[in-house]
1. Can you name the residue in region 136-170 that is within 13 Å of LEU195 (Cα to Cα) and surrounded by 24 or more Cβ atoms within 10 Å (Cβ to Cβ) and is also nearest to the chain's Cα centre (by Cα) among such residues?
2. Residues being among the aliphatic types (A, V, I, L, M) and part of a helix (DSSP H, G or I): count how many of those fall in region 82-106.
3. Answer yes or no: is there a residue in region 243-261 that is loosely packed, with under 15 Cβ neighbours inside 10 Å and not small (Gly, Ala, Ser).
4. Quick check on SER287: is it touching a residue at least 40 places away in the same chain (Cβ under 8 Å), assigned to a helix (DSSP H, G or I) and surrounded by 21 or more Cβ atoms within 10 Å (Cβ to Cβ)?
5. Which of the residues spanning region 113-156 are among the acidic types (Asp, Glu) and closer than 13 Å to SER362 by Cβ?
6. Give the residue that is nearest to the ligand (Cβ to nearest atom), with candidates limited to residues of region 101-118 that are among the small types (Gly, Ala, Ser) and surrounded by 21 or more Cβ atoms within 10 Å (Cβ to Cβ).
7. List the number of the failed condition for VAL205; all other conditions in (1) among the aliphatic types (A, V, I, L, M); (2) closer than 21 Å to ALA325 by Cβ; (3) surrounded by fewer than 24 Cβ atoms within 10 Å (Cβ to Cβ) hold.
8. Scan region 121-135 residue by residue and report those that are farther than 19 Å from LYS193 by Cα and either in a strand (DSSP E or B) or touching a Cys at 6+ places or on another chain (Cβ under 8 Å) (or both).
Amino acid sequence: MTADPTRIAQLPTSPFVRLATLLEGVAPGAPPIALSVGEPQGPVPDFVGPILQRELAGFSKYPPIQGSDALRNAISGWLSRRFKLKEPVDPASAILPLNGTREGLFLSLFAIVPERKNGARPAVLLPNPYYQAYPSGALASGAEPIYVNALGETGFLPDYAALPEAVLRRTAAVFVASPSNPEGAVADLAWWKRLFALADRYGFVVLSDECYSEIWHETPPLGALEAAEALAQGRENLLVFNSLSKRSGLAGLRSGFVAGDPKLIAAYQALRAQAAPQVSGPLQAVSAHAWGDEAHVAVNQAIYRANFAIAAEELGNRPGFSLPAAGFFLWMKTGDSVGFARRMWAEQGLRALPGAYLASDSGVGTRSGNPGLDYVRIALVNGPETTRAALKRLASMA
Ligand SMILES: Cc1ncc(COP(=O)(O)O)c(C=O)c1O
């Protein structure tokens, strides 16, 4: 009688809502420090203000849905430079600017998921832990999300090839997060080779979420376009998503893009023309500049490298601590994730996300269940001084 008939009612509850409930009424044990949200706290790059000022008149115009030539050219140029592509990504047919990648990770599934696949309800595979938009987009578009556990023993990457044939046959799309959130794991060429072979065999689309690609510590992470070119795979059924939120520390600009298979880009552009706002003209001008400039990215990278050096100093001896290959999160094994996150707040005023809230209890794989139960996610997005103060407090906890 009370069952809610809408698809939207099935979407998972946000981990931030669950954290707020967990900590409600609990007094912080020290002046609060937020380590929960992946929102870079670095400086706004110098070029943003002057470009906005110059482009002010653009706020009175509806921009074209496909974005400006200048922005798509800048994105294509960046993709070629960053991923050493011999074949550039065609700015006219293979790139679509987005208002941040979250909308694309959610909404592009509507242009991909069929009513039925091989006579069954379509499935969308995703890593568990996951970014909220993956299962939400799957459910809202009518597919079944399959949470595939990314476990320490498989390098914190999901093993999609180990899924049953019956699931793979009805798979319409697969999410890849590399570098992953929260673990900071990076897929190598061998991993991509297995995934592309699976995609070809079962005819599914690969959705590669690469928004942490510029937050790395030693080696720039491999991207899906780079892997596809190295493996002579082509770009059919492949979409990559990237964003200025992490790379440029411009989360509030809401600017990202999707690039890849022109057939999928055209379908998604047609959907966006009805369902999503164009990217604002002046913000496109800022974005075009940001994709063409690496100096401000280096400033951000230096902050994260300093933070991770501090983490190694303060927590290096702690069991359960390890440095990620990329990204700005620590994925720390503490046991009892919910209890530990509550204690971090109550004893030390540190607000961090329990790993259990970032993953589904229905995870499948060599070990089923929730793979985040023993972990907390700590976002190292503050300046080095705040980071050291926070991690000293954390280190003092038993
Ligand atoms: C894994 C992952 N993908 C995508 C996004 C979305 O980023 P944006 O919409 O700001 O581009 C985030 C943001 O936190 C994220 O962590």
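The values are calculated or read from the model by the stated rules, or taken from the named source; none is laboratory data. What you see is a predicted model; the values in this text were computed from it and never measured. Please note: Cβ atoms are built from the backbone with ideal geometry, for glycine as well, and neighbour counts cover all protein chains shown.
1. First, pick out the residues of region 136-170 that are within 13 Å of LEU195 (Cα to Cα): 157-163, 168.
Now narrow it down to the ones that are surrounded by 24 or more Cβ atoms within 10 Å (Cβ to Cβ): 158, 160.
Working: PRO158: 15, TYR160: 18 Å.
Ranking the candidates gives PRO158 first.
2. Going residue by residue through region 82-106, those that are among the aliphatic types (A, V, I, L, M) are 85, 89, 92, 94-96, 98, 105.
Adding the requirement that they be part of a helix (DSSP H, G or I) leaves 105.
Result for region 82-106: 1.
3. So the first thing to find is which residues in region 243-261 are loosely packed, with under 15 Cβ neighbours inside 10 Å, and the list is 252.
After this cut, where a residue has to be not small (Gly, Ala, Ser) as well, the list is none.
Checking region 243-261: not a single residue is loosely packed, with under 15 Cβ neighbours inside 10 Å and not small (Gly, Ala, Ser).
4. On the way: touching a residue at least 40 places away in the same chain (Cβ under 8 Å): yes; assigned to a helix (DSSP H, G or I): yes; surrounded by 21 or more Cβ atoms within 10 Å (Cβ to Cβ): yes.
Taking the combined requirement at face value, the residue satisfies it.
5. Our first condition is that a residue be among the acidic types (Asp, Glu); within region 113-156, this holds for 115, 144, 153.
Matches in region 113-156: GLU144 only.
6. Step one: list which residues in region 101-118 are among the small types (Gly, Ala, Ser), which gives 104, 108, 111.
Then keep just the ones that are surrounded by 21 or more Cβ atoms within 10 Å (Cβ to Cβ); that gives 104, 108.
Working: GLY104: 8, SER108: 12 Å.
The residue in question is GLY104.
7. In the conditions (1) among the aliphatic types (A, V, I, L, M); (2) closer than 21 Å to ALA325 by Cβ; (3) surrounded by fewer than 24 Cβ atoms within 10 Å (Cβ to Cβ), VAL205 misses (2) alone.
8. Going residue by residue through region 121-135, those that are farther than 19 Å from LYS193 by Cα are 121-124, 128-135.
ALA123, VAL124, ASN128, listed by residue number.
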